[in-house]
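The values are calculated or read from the model by the stated rules, or taken from the named source; none is laboratory data. Remember, it's a predicted structure, so these values are computed and weren't measured experimentally. So basically every Cβ, Gly included, is an ideal-geometry build from the backbone, and we count neighbours across all protein chains shown.
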Amino acid sequence: EDQVTQSPEALRLQEGESSSLNCSYTVSGLRGLFWYRQDPGKGPEFLFTLYSAGEEKEKERLKATLTKKESFLHITAPKPEDSATYLCAVQDPSNTGNQFYFGTGTSLTVIP
Amino acid sequence: EAQVTQNPRYLITVTGKKLTVTCSQNMNHEYMSWYRQDPGLGLRQIYYSMNVEVTDKGDVPEGYKVSRKEKRNFPLILESPSPNQTSLYFCANLNGETGELFFGEGSRLTVL
């Protein structure tokens, strides 16, 4: 069973058209939920860490929120440079907490 | 500048020819890991290392070996590569305080 599911797989937005990306997870006792941005041919780049339901983090046009079963990445008034694949990951809730499980990502295209 | 450096970045090889992908970090982080990224499957963890001489399997360790003889380096070894190991590989280290994984630029491997 997939630990992390992201939707939609792909999203095309007009510049300035706000939207949200979804990440749902099935692990219990979440140790941490992470958002990353990945540009073509590059390694993922860290955006946010969320630890508990109700927590929110913001960075420029991005805002990440967390509930008990899912997280949203809200993109407000996006620009073409926001085009990328956005990845969600959860940290293994076992005692070691050393494994991370990634979703397959949402590919965002922002059209000028 | 904080870096995770992988080499080679691109490699085409043939079935059965042993190869090593090197990974080095300049951030003095204890935790390092290897991932492979495949279309539709996302990032999957191959191996991770908590510290020198301590390694453990991730979700897809079959056909791979690793070693951690010093904190700085964490090479990925394919003893007898097969075509199903054609993939994009990422090395990452972990900031234990923030939970942030810091990724290298990736190594694209093709096994013919």
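What residue, among those in the stretch A:85-101 that are modelled with pLDDT under 75 and at the interface with chain B (Cβ under 10 Å from one of its Cβ atoms), is surrounded by the fewest Cβ atoms within 10 Å (Cβ to Cβ)? If we take residues in the stretch A:85-101 being modelled with pLDDT under 75 and at the interface with chain B (Cβ under 10 Å from one of its Cβ atoms), then A:Thr96 is surrounded by the fewest Cβ atoms within 10 Å (Cβ to Cβ).
Do you know which residues across the stretch A:21-52 are exposed (fewer than 13 other Cβ atoms within 10 Å of the Cβ) and either under 10 Å from the mean Cα position of the chain (by Cα) or away from chain B (no Cβ under 14 Å) (or both)? Listed by number, the residues that qualify are A:Thr26, A:Ser28, A:Gly29.
Among the residues of the stretch B:51-66, those that are in contact with a Ser or Thr (Cβ under 8 Å, 6 or more places away or on another chain) and in a strand (DSSP E or B) comprise B:Thr55, B:Asp56, B:Val66. Kindly provide the set of residues from the stretch B:25-56 that are of a type in the set (Asp, Glu), farther than 16 Å from B:Gly99 by Cα and in contact (Cβ under 8 Å) with a residue 12 or more places away in the chain, ordered by number. Correct list: B:Asp38, B:Glu53.
For the residues B:Gln6, B:Gln37, the requirement of being within 16 Å of B:Pro75 (Cα to Cα) and either exposed (fewer than 12 other Cβ atoms within 10 Å of the Cβ) or touching a strand residue (DSSP E or B) at 6+ places or on another chain (Cβ under 8 Å) (or both) singles out B:Gln6. Flag: B:Glu105 matches the condition of being facing another protein chain (nearest Cβ under 10 Å), of a type outside the set (Val, Ile, Thr) and part of a loop (DSSP other than H, G, I, E, B). Criterion applied to B:Leu43, B:Leu76 was being closer than 19 Å to A:Asn98 by Cβ and more than 14 Å from every other protein chain (Cβ to nearest Cβ), and the one residue passing it is B:Leu76. Residues in the stretch B:79-102 that are within 14 Å of another protein chain (Cβ to nearest Cβ), free of Cβ contacts under 8 Å to residues at least 60 places away in the same chain and either assigned to a loop (DSSP other than H, G, I, E, B) or of a type in the set (Lys, Arg) (or both): B:Glu97, B:Thr98, B:Gly99, B:Glu100.
Every test in (1) more than 9 Å from chain A (Cβ to nearest Cβ); (2) at negative phi; (3) not aromatic (Phe, Trp, Tyr) is passed by B:Glu53 save one, and that test is (2).
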